[in-house]
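Worksheet for the structure shown next.
The values are calculated or read from the model by the stated rules, or taken from the named source; none is laboratory data. Every value quoted in this text rests on a predicted model; they were computed, and no experiment measured them. Cβ coordinates were reconstructed from backbone atoms using ideal geometry, including for glycine residues, and neighbour counts include every protein chain displayed.
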Amino acid sequence: MILASHQAGYPQVREILRWARSIKATLREGLTARELVEQSVEVRRMIRAAAWGYYSTIRIGRSEHTASVTWSTPIRVVKGDQPPILEGKPYLKTNFQRGRFSRTLYTPSTLCIEVGEDWPPLRALCQTS
């Protein structure tokens, strides 16, 4: 739509126009939503930007860790049309100590962004390819 309105003569912001051209250049014929997310850096950036601002917190005992969406947060495509949201818990490193006994417990991260394969912006990209 951005490129079509530019061709029709409507003014566009240069950076957005460049972004739209880069997405169009990465699209290939017949890709599913999952394949599109796996293959296109620009689509992953769009999804992460839409999920920006979500936080997740984990607490075990007195230890606590809060994390948010970053540019490296994994993306999982699920069924449905849900917008990008942050799911799971971040990692946590907890130190237990009582007298001479001490132990460090590592809880791995399950944090990821979930987006529906029929989310309207993602579906539109699949239809234009």
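From Ala67, Ala51, grab the single residue that is in contact (Cβ under 8 Å) with a residue 24 or more places away in the chain, touching a Pro at 6+ places or on another chain (Cβ under 9 Å) and closer than 17 Å to Ala33 by Cβ.
Working: Ala67 fails: closer than 17 Å to Ala33 by Cβ.
Of the residues listed, the single one that is in contact (Cβ under 8 Å) with a residue 24 or more places away in the chain, touching a Pro at 6+ places or on another chain (Cβ under 9 Å) and closer than 17 Å to Ala33 by Cβ is Ala51.
Out of the residues in segment 44-70 meeting the condition of being more than 9 Å from the chain's Cα centre (by Cα) and either of a type in the set (Val, Ile, Thr) or assigned to a loop (DSSP other than H, G, I, E, B) (or both), tell me which one is surrounded by the most Cβ atoms within 10 Å (Cβ to Cβ).
Initially, segment 44-70 is screened for residues more than 9 Å from the chain's Cα centre (by Cα), giving 53-68.
Keeping just the survivors that are either of a type in the set (Val, Ile, Thr) or assigned to a loop (DSSP other than H, G, I, E, B) (or both) gives 53-54, 57-58, 60-62, 66.
Numbers: Gly53: 9, Tyr54: 16, Thr57: 11, Ile58: 19, Ile60: 13, Gly61: 10, Arg62: 8, Thr66: 10.
This residue is Ile58.
Can you work out which of the residues in segment 99-124 that are of a type in the set (Gly, Ala, Ser) and surrounded by fewer than 16 Cβ atoms within 10 Å (Cβ to Cβ) is nearest to Ala50 (Cα to Cα)?
Just the residues of segment 99-124 that are of a type in the set (Gly, Ala, Ser), to begin with: 99, 102, 109, 116, 124.
Adding the requirement that they be surrounded by fewer than 16 Cβ atoms within 10 Å (Cβ to Cβ) leaves 99, 102, 124.
Working: Gly99: 48, Ser102: 42, Ala124: 15 Å.
Result: Ala124.
Among (1) out of contact with any Cys (no Cβ under 7 Å at 6 or more places or on another chain); (2) assigned to a strand (DSSP E or B); (3) not β-branched (Val, Ile, Thr), there is one condition Arg76 misses while meeting the rest; what is its number?
(1)
Does at least one position in segment 71-80 carry a residue that is free of Cβ contacts under 8 Å to residues at least 60 places away in the same chain, of a type in the set (S, T, N, Q) and touching a Leu at 6+ places or on another chain (Cβ under 8 Å)? Before the answer, list the steps.
In the first step, residues of segment 71-80 are kept if they are free of Cβ contacts under 8 Å to residues at least 60 places away in the same chain; the result is 71-80.
Subsequent filtering for residues that are of a type in the set (S, T, N, Q) retains 72-73.
With touching a Leu at 6+ places or on another chain (Cβ under 8 Å) added as a condition, the list becomes 73.
Yes: segment 71-80 contains one or more residues that are free of Cβ contacts under 8 Å to residues at least 60 places away in the same chain, of a type in the set (S, T, N, Q) and touching a Leu at 6+ places or on another chain (Cβ under 8 Å).
Looking for something under 22 Å from Arg34 (Cβ atoms) and of a type in the set (S, T, N, Q) - is there at least one such residue anywhere in segment 95-102?
For segment 95-102, residues under 22 Å from Arg34 (Cβ atoms) and of a type in the set (S, T, N, Q): absent.
Got a sec? Which of Leu125, Leu86 is in a strand (DSSP E or B) and under 21 Å from the mean Cα position of the chain (by Cα)?
Values: Leu125 fails: in a strand (DSSP E or B).
Exactly one residue qualifies, and that residue is Leu86.
Quick one: would you say Phe96 is of a type outside the set (Asp, Glu), surrounded by fewer than 16 Cβ atoms within 10 Å (Cβ to Cβ) and either within 28 Å of Arg21 (Cβ to Cβ) or modelled with pLDDT of 90 or more (or both)?
Working: of a type outside the set (Asp, Glu): yes; surrounded by fewer than 16 Cβ atoms within 10 Å (Cβ to Cβ): yes; either within 28 Å of Arg21 (Cβ to Cβ) or modelled with pLDDT of 90 or more (or both): no.
It is false that Phe96 is of a type outside the set (Asp, Glu), surrounded by fewer than 16 Cβ atoms within 10 Å (Cβ to Cβ) and either within 28 Å of Arg21 (Cβ to Cβ) or modelled with pLDDT of 90 or more (or both).
Could you please find all residues in segment 17-44 being modelled with pLDDT of 75 or more and among the aliphatic types (A, V, I, L, M)? Show your work before the answer.
Of the residues in segment 17-44, the ones modelled with pLDDT of 75 or more are 18, 31-44.
If the condition is that a residue be modelled with pLDDT of 75 or more and among the aliphatic types (A, V, I, L, M), then Leu31, Ala33, Leu36, Val37, Val41, Val43 are the ones that fit.
Got at least one residue in segment 103-114 being outside any strand (DSSP E or B), farther than 16 Å from Glu38 by Cα, over 20 Å from the mean Cα position of the chain (by Cα) and without any contact (Cβ under 8 Å) to a residue 60 or more places away in the chain?
Looking only at segment 103-114, we keep the residues that are outside any strand (DSSP E or B), and these are 108-111.
Still in the running and farther than 16 Å from Glu38 by Cα: 108-111.
From the residues that got through so far, the ones that are over 20 Å from the mean Cα position of the chain (by Cα) too are none.
The answer is no, given that none of the residues of segment 103-114 is outside any strand (DSSP E or B), farther than 16 Å from Glu38 by Cα, over 20 Å from the mean Cα position of the chain (by Cα) and without any contact (Cβ under 8 Å) to a residue 60 or more places away in the chain.
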